[in-house]
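> Dumping the structure here so I can ask a few things about it.
The values are calculated or read from the model by the stated rules, or taken from the named source; none is laboratory data. Quick caveat, the model's predicted, so the values are computed rather than measured. We place every Cβ from the backbone using ideal geometry, glycine too, and count neighbours over all the protein chains shown. These area figures cover heavy atoms from the full protein model, side chains too; ligands, DNA and RNA do not enter into them. Shrake-Rupley method; radii C 1.70, N 1.55, O 1.52, S 1.80 Å.
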Amino acid sequence: MTSAGRSVLLSASAVALLAVAGCSASDAATVAVPSPPPEQAALCAALHKELPKTVGGEKRTDPEPTSDLTAGWGDAAIVLRCGVPRPEKMNEATTGLEANGVDWMVEERAAGPRFTTTYREAYVEVTMDERYAHDATPLADLADAVRKTVPVTVEIP
């Protein structure tokens, strides 16, 4: 192969590599990053360090923009946001569940369920796509990290 041929081949390879890298970066899910008070942000940063590499069998794929307040698994199949405001629905009688020692409020949505921790010093929200419409088991995978880093505010007997 001539040097001109090698240059063309190398250039084509570089363009292909950049195209693949560009696609993977732009394909990341985008989520709104919460703006909690500093005390809650510190709890969320601690939580971020403890989050598992897999949840519900999905590999960790954090959304954009990168933040200690957000995490994701399975290309946005499961998205966690820490330090969200207290949901208005908590003022109403709502459905709740307990997963491995963490209490969650449940909100049914067309896009899939949304769960928000209750009785914790920071609210942790987990949204799941429609594949998890009737499956809250990924919350069990998150429970250890939440229990370890976000203290309870009220003990429920």
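> If you scan the stretch 101-154, which residues turn out to be touching a helix residue (DSSP H, G or I) at 6+ places or on another chain (Cβ under 9 Å), modelled with pLDDT under 95 and among the aromatic types (Phe, Trp, Tyr)?
If the condition is that a residue be touching a helix residue (DSSP H, G or I) at 6+ places or on another chain (Cβ under 9 Å), modelled with pLDDT under 95 and among the aromatic types (Phe, Trp, Tyr), then TYR132 is the only one that fits.
> From the list ALA76, ALA71, ALA145, pick out the single residue that is within 19 Å of VAL33 (Cβ to Cβ) and in a strand (DSSP E or B). Write out each step before concluding.
Working: ALA76 fails: in a strand (DSSP E or B); ALA145 fails: in a strand (DSSP E or B).
None of the others qualify; the one that does is ALA71.
> Considering each residue of the stretch 53-68, count those that are out of contact with any Cys (no Cβ under 7 Å at 6 or more places or on another chain) and in a loop (DSSP other than H, G, I, E, B), and give that number. I'd like the intermediate steps shown before the answer.
Residues of the stretch 53-68 out of contact with any Cys (no Cβ under 7 Å at 6 or more places or on another chain): 53-67.
From the residues that got through so far, the ones that are in a loop (DSSP other than H, G, I, E, B) too are 53, 56-57, 61-63, 65-67.
The qualifying residues number 9.
> Here is a follow-up. Given (1) free of Cβ contacts under 8 Å to residues at least 12 places away in the same chain; (2) outside any loop (DSSP other than H, G, I, E, B), identify the lone condition not met by ALA93.
ALA93 satisfies all of (1) free of Cβ contacts under 8 Å to residues at least 12 places away in the same chain; (2) outside any loop (DSSP other than H, G, I, E, B) except (2).
> Could you give every pair whose Cβ atoms fall below 6 Å, whose first residue belongs to the stretch 124-145 and is without any contact (Cβ under 8 Å) to a residue 60 or more places away in the chain and open to solvent by less than 10 Å² (accessible area, probe 1.4 Å), and whose second residue is among the small types (Gly, Ala, Ser) and not in a loop (DSSP other than H, G, I, E, B), counting only separations of at least 6 or pairs across chains?
Within 6 Å, the pairs are LEU139/ALA99; ALA143/ALA99.
> Please count how many residues of the stretch 113-125 are under 16 Å from the mean Cα position of the chain (by Cα) and not in a loop (DSSP other than H, G, I, E, B).
In the first step, residues of the stretch 113-125 are kept if they are under 16 Å from the mean Cα position of the chain (by Cα); the result is 113-117, 122-125.
Checking the rest, the ones that are also not in a loop (DSSP other than H, G, I, E, B) come to 114-117, 123-125.
So the answer is 7.
> Identify all residues within the stretch 126-148 that are under 16 Å from the mean Cα position of the chain (by Cα) and farther than 18 Å from THR54 by Cβ; write none if there are none.
The one that is under 16 Å from the mean Cα position of the chain (by Cα) and farther than 18 Å from THR54 by Cβ: GLU130.
> Okay, next question. Starting from residues that are open to solvent by less than 20 Å² (accessible area, probe 1.4 Å) and of a type in the set (Ser, Thr, Tyr), keep the ones in the stretch 88-123 and report whichever is farthest from LEU43 (Cα to Cα).
Once the filter is applied, the top-ranked residue is THR116.
> Right, another one. Being touching a strand residue (DSSP E or B) at 6+ places or on another chain (Cβ under 9 Å), charged (D, E, K, R) and in a helix (DSSP H, G or I) is the filter here, so list the residues in the stretch 127-142 that pass it. Quick ask: steps written out before the conclusion?
Step one: filter the stretch 127-142 for residues touching a strand residue (DSSP E or B) at 6+ places or on another chain (Cβ under 9 Å), giving 127-129, 132, 135-142.
Keeping just the survivors that are charged (D, E, K, R) gives 129, 135, 141.
Scanning the stretch 127-142 gives a single hit, ASP141.
> Testing MET105 on (1) over 17 Å from GLU50 (Cβ atoms); (2) touching a Pro at 6+ places or on another chain (Cβ under 6 Å), one condition comes back false. Which one is that?
(2)
> Still on this structure: Among the residues of the stretch 80-88, is any basic (Lys, Arg), outside any strand (DSSP E or B) and over 19 Å from VAL55 (Cα atoms)?
Residues of the stretch 80-88 that are basic (Lys, Arg), as a first pass: 81, 86.
If we keep only those that are outside any strand (DSSP E or B) too, we end up with 86.
Those left that are additionally over 19 Å from VAL55 (Cα atoms): 86.
Yes, the stretch 80-88 has at least one match.
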